[in-house]
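**Student:** Sharing a structure here in structure tokens format.
The values are calculated or read from the model by the stated rules, or taken from the named source; none is laboratory data. A quick note: this is a predicted structure, and the numbers were derived from the prediction, not measured. Here the Cβ positions follow ideal geometry from the backbone for every residue, glycine too, while neighbour counts run over all protein chains shown. We work out accessible area using only protein heavy atoms, side chains counted, and drop any ligands, DNA or RNA first. Shrake-Rupley method; radii C 1.70, N 1.55, O 1.52, S 1.80 Å.
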Amino acid sequence: MSGKEEELTYSEAIEMAHESITRFPLIPIQGVPLMSLIASDWDTVWAFRPDPSDILIATYPKAGTTWTQEIVDLLLHNGDAEACRRAPTPMRSPFLEIKSPPPIPSGLDLLKIMTPPRIIKTHLPYQLVPPAFWENKCKTIYVARNAKDNLVSYFFFDMMNKTQPEPGPWDGYIHKFIQGELSWGSWYDHVKGYWREKERKNILFLFYEEMKENPRREVVRIMKYLDLSLSDKIIDEIVELTSFKKMKENPMANYSCIPKPVFDCSISTFMRKGEVGDWRNHFTPEQSKMFDEDYERQMKDVNIPFKTDLI
Ligand code: PPS
């Protein structure tokens, strides 16, 4: 960003760009479909060099990224809620590969003007993460969500996010997910890629369902992974501040900063339901059976303990 653009808020920049907002087509990068704007400047993303103190939060879209970004920001700020209301999520924790029409700053534009340690979001599959993250041994948190809930959440998101390809009807969307045709590619390859590298690359591998089941336990896991030590009281406060209800009410964490030309909240809100097992409200028994059979096939070479319901 330069000159006048720096003075714009994120929302204002999006409003200004609204005529260039479109459902961007997908272009494959090493076989992974990415939004055309990302693909057109891929070399710059690939060449990104983080600071060793930077923290990477990697997810397949809709797996719990924003929740984890909020937890990490609060942990780094010793639970200071006001400090974490300094700006909306995408400004506090830039989205590494995202590119949007000007004057909306790209993820790399935002990173340039921030001082490490920065909390960096990515949806890139393991093999597309810029190699300097591994060279610099950056702490990396991966959050995985069970495929069926992840798919439902992505479907609602693709309906309301006017920069994503048109989702089309639900039944066809399930097939696109299975075939890895959605933005950022195959969910199956994504979770397997990080799962296989988690020991070698010291990746903290979390599950959305375990965060729902026992958020305090998972906040403590993240804290320890980041080599932090906060008091029990502050940990409790962070758990409370990052509950679905609290984040949904927090304009700095609920993506209400993204105006209607991009996020049409009359279709669905960003903080939609935040539950485990919502897939049961959307899959027919036939769709569920077909999905499960395909899942067995695509996941037969790994044993990743996903939960599709909480008892
Ligand atoms: S994105 O656009 O990929 O960054 O989206 P992401 O943040 O990964 O995922 C959005 C889904 O996560 C839910 N969410 C939460 N669930 C529980 N607790 C908290 N605090 C929380 N914050 C966000 C959000 O509601 C989306 O899931 P669905 O199922 O659509 O509600």
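**Student:** Return a whole-number percent for the relative contact order of the stretch 174-311, with Cα pairs under 8 Å and 6 or more residues apart as the contact set.
**Tutor:** 25 percent
**Student:** In a shell of Cβ-Cβ distance under 12 Å around Ile203, excluding Ile203 itself, what net charge do Lys and Arg (+1) and Asp and Glu (-1) give?
**Tutor:** Once all neighbours under 12 Å are counted, the net charge is +4.
**Student:** OK, next. Give me, ordered by chain and number, the residues 5 or more places off Phe205 or on other chains with an amide H under 5 Å from its own placed amide H.
**Tutor:** Those lying under 5 Å, H to H, from Phe205 are Tyr142.
**Student:** Would you mind working out the accessible area per residue for the stretch 1-103, using a 1.4 Å probe, and quoting it in Å²?
**Tutor:** 43 Å²
**Student:** Rounded if a/c is under 1.5, else prolate if a/b is larger than b/c, else oblate: which is the stretch 139-236, with a ≥ b ≥ c the root eigenvalues of its Cα gyration tensor?
**Tutor:** Because a/c hits 1.5 or more and a/b exceeds b/c, the stretch 139-236 counts as prolate.
**Student:** Need one word for the stretch 3-298: rounded, prolate or oblate. Basis is the Cα gyration tensor (sqrt eigenvalues a ≥ b ≥ c); a/c below 1.5 gives rounded, then a/b vs b/c decides.
**Tutor:** Judged from the Cα gyration tensor, the stretch 3-298 comes out rounded (a/c under 1.5).
**Student:** Still on this structure, please answer the following. Suppose a student asked you for the relative contact order of the stretch 1-109, using Cα pairs under 8 Å spaced at least 6 residues apart; what percent would you report?
**Tutor:** Once normalised by length, the contact order is 32 percent.
**Student:** Let me ask you something else. If a/c stays under 1.5 just call it rounded; otherwise compare a/b with b/c (prolate if a/b is bigger, oblate if not). Do that for the stretch 72-165, with a ≥ b ≥ c from the square roots of the Cα gyration tensor eigenvalues.
**Tutor:** rounded
**Student:** Where both residues lie in the chain, what percent of DSSP beta bridges are antiparallel, nearest 5?
**Tutor:** 25 percent
**Student:** What percentage of the solvent-accessible surface of the stretch 3-298, computed with a 1.4 Å probe over protein heavy atoms, is contributed by carbon and sulfur atoms?
**Tutor:** After summing per-atom areas, the C and S share lands at 54 percent.
**Student:** Further, regarding this structure: As a quick test, which of the pairs Lys121/Lys246; Lys201/Lys248; Lys201/Lys300 have an alpha carbon distance above 25 angstrom in this structure?
**Tutor:** Flagged as over cut-off: Lys201/Lys248.
**Student:** Whole-Hz ³J(HN,Hα) for each residue in the stretch 46-57, computed from phi via Karplus 6.51 cos²θ - 1.76 cosθ + 1.60 with θ = phi - 60°, x for glycine and proline: what do you get?
**Tutor:** Here the 3J(HN,Hα) series is 4, 7, 4, 10, x, 7, x, 7, 5, 10, 9, 10 Hz.
**Student:** Still on this structure, please answer the following. Under the rule of at least 5 residues apart or a separate chain, name every residue whose amide H is placed under 5 Å from the amide H of Ile29.
**Tutor:** Distant-sequence amide H within range of Ile29: Leu34.
**Student:** For the pairs Lys139/Lys233; Lys192/Lys233; Lys99/Lys245; Lys148/Lys233; Lys137/Lys307, flag any whose C-alpha to C-alpha distance is greater than 27 Å.
**Tutor:** Lys192/Lys233; Lys99/Lys245; Lys148/Lys233; Lys137/Lys307
**Student:** Counting only C-alpha contacts under 8 Å and six or more residues apart, can you give the relative contact order of the chain as a whole percent?
**Tutor:** Reported as a whole number, the value is 25 percent.
**Student:** Please list, ordered by chain and number, the residues whose modelled amide H lies under 5 Å from the amide H of Ile57; skip anything fewer than 5 residues away on the same chain.
**Tutor:** Excluding prolines and chain starts, which carry no amide H, the hits are Ile120, Lys121, Thr122, Ile141.
**Student:** Here's something else I'd like to know. Can you work out the Karplus-derived ³J(HN,Hα) for every residue in the stretch 96-106? Use 6.51 cos²θ - 1.76 cosθ + 1.60 with θ = phi - 60°, whole Hz, and x for glycine or proline.
**Tutor:** Taking θ as phi minus 60°, the curve returns 2, 8, 6, 9, 9, x, x, x, 5, x, 7 Hz for the stretch 96-106.
**Student:** Express the accessible area of the stretch 202-244 per residue in Å², computed with a 1.4 Å probe while the remaining protein chains stay in the model.
**Tutor:** Ligands and nucleic acids excluded, the result is 47 Å² per residue.
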